[in-house]
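So the structure is just underneath, and the comments pick up after that.
The values are calculated or read from the model by the stated rules, or taken from the named source; none is laboratory data. These numbers were taken from a predicted model, which means no experiment stands behind them. Neighbour counts are summed over all protein chains in view; Cβ atoms, including those assigned to glycine, are modelled from backbone coordinates with ideal geometry.
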């Protein structure tokens with residue numbers, strides 16, 4: 001009886017790629033974030049290098065209550081915030097109080113906050129009571145503008161909130 005020789009094929013550079021778009025269309029230049037140690041074939045996400053963040057607020061003209069909304073002075077917009085208009089809509093009538101439901105620019109509820117309490121999820125603010133109580137449906141608009149000037153490549157992280165949760169390529 002003759003014993004055959006077993007050969008094991010080693011990994012080759014780029015062996016994880018099945019094919020590439022014609023004309024090198026699937027390749028891109030990028031900057032890897034300094035704190036990253038990435039390997040070839042690793043799935044990556046990208047985080048924005050933000051150059052400017054702006055935020056502004058406005059009460060709906062039809063509001064019954066005359067309370068005000070104040071954005072946090074030091075960190076009004078957090079990591080993971082989206083460009084666009086957030087809405088805080090009152091859903092609870094109470095003397096000198098209320099509870100606002102907060103929606104992101106896509107209309108998805110991201111939390112609730114009582115009057116005079118601090119809301120902190122993507123955006124950070126406080127709604128103060130006025131002389132006239134809020135009615136159901138009273139609302140505020142919070143406009144967020146994020147100017148992203150560049151991106152850095154990081155390891156894909158499905159639990160991330162900084163952009164790394166979206167797979168953008170394979171290194």
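Name every residue in the stretch 87-113 that is outside any strand (DSSP E or B), at positive phi and either at pLDDT 95 or above or in contact with a strand residue (DSSP E or B) (Cβ under 7 Å, 6 or more places away or on another chain) (or both), in order of residue number.
107
What are the residues in the stretch 72-86 that are assigned to a strand (DSSP E or B) and buried (at least 17 other Cβ atoms within 10 Å of the Cβ), if any?
Once the filter is applied, which keeps residues that are assigned to a strand (DSSP E or B) and buried (at least 17 other Cβ atoms within 10 Å of the Cβ), the stretch 72-86 yields 77, 86.
Taking the stretch 110-165 on its own, how many of its residues are more than 23 Å from residue 85 (Cβ to Cβ), over 14 Å from the mean Cα position of the chain (by Cα) and without any contact (Cβ under 8 Å) to a residue 40 or more places away in the chain?
1
Check off (1) modelled with pLDDT under 90; (2) not in a strand (DSSP E or B) for residue 51 and give me the number that stays unchecked.
Here residue 51 meets the rest and fails (2).
Here is a check on your reading of the model: is residue 61 at pLDDT 80 or above, loosely packed, with under 12 Cβ neighbours inside 10 Å and within 28 Å of residue 133 (Cα to Cα)?
yes
If I ask for residues that are more than 13 Å from residue 136 (Cβ to Cβ) and in a loop (DSSP other than H, G, I, E, B), which ones from the stretch 56-71 would you list?
61, 66, 67, listed by residue number.
Among the candidates 154, 113, 144, single out the residue that is surrounded by 15 or more Cβ atoms within 10 Å (Cβ to Cβ) and more than 23 Å from residue 56 (Cα to Cα).
After applying the criteria, what remains is 154.
In this structure, is residue 83 at pLDDT below 95, closer than 30 Å to residue 27 by Cα and not assigned by TED's automatic domain parsing to the domain that holds residue 40?
Here the answer is yes, as residue 83 does meet what is asked.
Among the numbered criteria (1) more than 24 Å from residue 61 (Cα to Cα); (2) free of Cβ contacts under 8 Å to residues at least 60 places away in the same chain, which one does residue 98 miss?
So the condition that residue 98 fails would be (1).
Evaluate the following for residue 29: is it farther than 21 Å from residue 125 by Cα and either without any contact (Cβ under 8 Å) to a residue 60 or more places away in the chain or assigned by TED's automatic domain parsing to the domain that holds residue 116 (or both)?
Numbers: farther than 21 Å from residue 125 by Cα: yes; either without any contact (Cβ under 8 Å) to a residue 60 or more places away in the chain or assigned by TED's automatic domain parsing to the domain that holds residue 116 (or both): yes.
Answer is yes for this residue.
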